[in-house]
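The values are calculated or read from the model by the stated rules, or taken from the named source; none is laboratory data. Because the structure is predicted, anything quoted here is derived from the model rather than measured. Cβ placement follows ideal geometry from the backbone for every residue including glycine, while neighbour counts extend to all protein chains displayed.
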Amino acid sequence: MNLIGHFVDGKLLSGTAARRGDVFDPATGVPTAEVELASAAEVAAAVEAAERAARRWRDASLSRRTAVLFAFRELVHARRDRLAEVITAEHGKVLADAAGEVQRGLEVIEYACGIPAAMRGGYSENVSTEVDSYNLRQPLGVVAVISPFNFPVMVPLWFVPVAVATGNAVVLKPSEKDPSAALLLAEWFAEAGLPPGVLNVVNGDKEAVDALLDHPAVRAVSFVGSTPVARHVHQRASLAGKRVQALGGAKNHMVVLPDADLDLAADAAVNAGFGSAGERCMAISALVAVEPVADALVEKIAARMAELRTGDGRRGCDMGPLVTAAHAERVRSYVEAGVAAGAVPVVDGRDVRPDGDPNGYWLGPTLFDRVTPEMSVYTDEIFGPVLSVLRVGSYEEAVHLVNANPYGNGTAIFTNDGGAARRYQHEVEVGMVGINVPIPVPMAYYSFGGWKASLFGDLHAHGADGVRFFTRGKVVTSRWLDPRNGGVSLGFPTPT
Ligand code: NAD
């Protein structure tokens, strides 16, 4: 069986780990590889390689760094179909969706190609007589990136290109469920001219993550995953004195006002609810229908769901399997809990007939109507193809519901009323807001991040926040000595 190891100091390593995990093809249930799970000692070796590389890489000119990034961009672009195939084989999402993920990752590489402009500082002449002041942004050294299973390419690319472009060295710990794509990215970065040790990949689980959080040479941690683990990462790394951005889980609401175009809203709800089998942190899982539109909206959504094909992501289906057998079981148990709690299963995904191997991890798109806020299908992040409709009587009730939710990643409002949309963007306590856009993932030159239990830390991913996260500011005050400036004075310096 294929053995997936690590990439350290420019070389693939395997056969050293005492522990291994299985990697499955979710569309067939067949184990396709074993992934090595790094020990703390193996993590330390990767951090040491990164430390050595960081000392040299910080001195590489901006031109040299961007030359590597441009070459890397060309390689990823030319090989994007190969990358999409690797994603589909281990994650299960359909090929077209995997290609979309690669495209969004490419956009961050392109943003990082412009790092000379993004890192430019300011200069003030004569802050005091013949004294000038300017600021620099410098790399941190070694940084860790820890990523989830659901975007094995895009999430590492939210951070790695910006971290490398700003002069840091990286240790990336991908999800052990779909580890292959990260290794390809590291090999292609090396092929593009990135020196050995600047990007290392260690595969592993909690043991590897905790080793990164504790290692004194790791100066910053970018984490994306579920909220309980994000909270743990934020607390443990902060205690160790590191800079942390830990992006967590979500429960994203789409509010539909009575004046909205219900056909467009139904299209959007289906796309954002069931794309990638709902395994997106920006998936819509709660649809808040402001009466009197709920009946019509539910009918339109159900009609569209009847057309969806669930099956093997390589067969042109709309929706693939869930990532693992255990996760499929967990999502199924939420559907059962929803029925038991009295939610109305308008479309029940447990009845799905997939276009794929019967041993795949299947669950079809599921639509619940008349969900109430205390039901577990609403309170919990299910991370599967389950869309819950909540009926409310007014805009105010809708905003109150969204703001009372502990998560605050993304949200959308559907309306043709500009004033209502503007009021929503002002009042809603969520980090990313869509107006008639169901999945408002910011472009690479803005920053991605939620509020409340969806992000621990303060700086968001990529864009200007990403550059700030991976750099430290320094302000220089300079005077070219002139005999006129001499003389002894113990007073506190003030501008003259
Ligand atoms: P996860 O939290 O299980 O795992 C994320 C990473 O943490 C993996 O690399 C994993 O190996 C590691 N890990 C798991 N358990 C750990 C533990 N106890 N201690 C230390 N490390 C641990 O998340 P997942 O299932 O891979 O991904 C899905 C979750 O990620 C969902 O909750 C989703 O909303 C979230 N997510 C959030 C965003 C965002 O931008 N906010 C983006 C993508 C995914």
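Couple of notes before you dig in:
- Across segment 199-215, a minimum of one residue is classified as more than 16 Å from the ligand (Cβ to nearest atom) and under 19 Å from the mean Cα position of the chain (by Cα).
For (1) within 22 Å of Glu90 (Cα to Cα); (2) within 12 Å of the ligand (Cβ to nearest atom); (3) assigned to a strand (DSSP E or B); (4) touching a His at 6+ places or on another chain (Cβ under 6 Å), each residue gets a yes or a no:
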{"residue": "Ala163", "(1), (2), (3), (4)": "no, no, no, no"}
{"residue": "Gly167", "(1), (2), (3), (4)": "no, no, no, no"}
{"residue": "Leu172", "(1), (2), (3), (4)": "yes, yes, yes, no"}
{"residue": "Lys177", "(1), (2), (3), (4)": "yes, yes, no, no"}
{"residue": "Leu183", "(1), (2), (3), (4)": "yes, no, no, no"}
{"residue": "Phe189", "(1), (2), (3), (4)": "yes, no, no, no"}
{"residue": "Pro195", "(1), (2), (3), (4)": "no, no, no, no"}
{"residue": "His232", "(1), (2), (3), (4)": "no, yes, no, no"}
{"residue": "Gln235", "(1), (2), (3), (4)": "no, yes, no, no"}
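- Flag if Val288 is assigned to a strand (DSSP E or B), away from the ligand (no atom under 16 Å from the Cβ) and of a type in the set (Val, Ile, Thr): yes
- Criterion: over 23 Å from Pro148 (Cβ atoms), surrounded by 12 or more Cβ atoms within 10 Å (Cβ to Cβ) and within 16 Å of the ligand (Cβ to nearest atom) - qualifying residue of Glu381, Glu429, Glu397: Glu429
- Looking only at segment 216-230, residues that are within 12 Å of the ligand (Cβ to nearest atom) and either in a helix (DSSP H, G or I) or surrounded by 22 or more Cβ atoms within 10 Å (Cβ to Cβ) (or both) come to 9 in all.
- Check on Leu387, closer than 30 Å to Ala326 by Cβ, within 16 Å of the ligand (Cβ to nearest atom) and in the same structural domain as Ala343 (by the TED database): yes
- Taking (1) acidic (Asp, Glu); (2) touching a helix residue (DSSP H, G or I) at 6+ places or on another chain (Cβ under 8 Å); (3) not in a helix (DSSP H, G or I) in turn, Asp132 satisfies each apart from (2).
- Every condition in (1) more than 30 Å from Lys300 (Cβ to Cβ); (2) away from the ligand (no atom under 14 Å from the Cβ) holds for Ala461 except the one numbered (2).
- Enumeration of residues in segment 313-334 that are more than 27 Å from Arg391 (Cβ to Cβ) and surrounded by 23 or more Cβ atoms within 10 Å (Cβ to Cβ): Gly313, Gly320, Pro321, Leu322, Val323
- Residues (out of contact with any Phe, Trp or Tyr (no Cβ under 9 Å at 6 or more places or on another chain), free of Cβ contacts under 8 Å to residues at least 60 places away in the same chain and under 29 Å from Pro31 (Cβ atoms)) located in segment 97-115: Ala99, Gly100, Val102
- For segment 148-161, taking the residues that are farther than 16 Å from Val23 by Cα and touching a strand residue (DSSP E or B) at 6+ places or on another chain (Cβ under 6 Å), the one that is farthest from the ligand (Cβ to nearest atom) is identified as Val160.
- Those strands (runs of 3 or more DSSP E) lying entirely in segment 346-459 with at least 1 residues modelled with pLDDT of 95 or more and in contact with a Cys (Cβ under 9 Å, 6 or more places away or on another chain): 410-414
- Listed by position, the strands (runs of 3 or more DSSP E) contained in segment 5-55 that have at least 1 residues being at pLDDT 95 or above and β-branched (Val, Ile, Thr) are 6-8, 19-25, 30-37.
A quick yes/no check of all residues on (1) β-branched (Val, Ile, Thr); (2) within 16 Å of the ligand (Cβ to nearest atom); (3) assigned by the TED database to the domain that holds Asp97; (4) touching a Leu at 6+ places or on another chain (Cβ under 9 Å):
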residue: Cys281; (1), (2), (3), (4): no, yes, no, yes
residue: Ile284; (1), (2), (3), (4): yes, yes, no, yes
residue: Met305; (1), (2), (3), (4): no, no, no, yes
residue: Arg332; (1), (2), (3), (4): no, no, no, yes
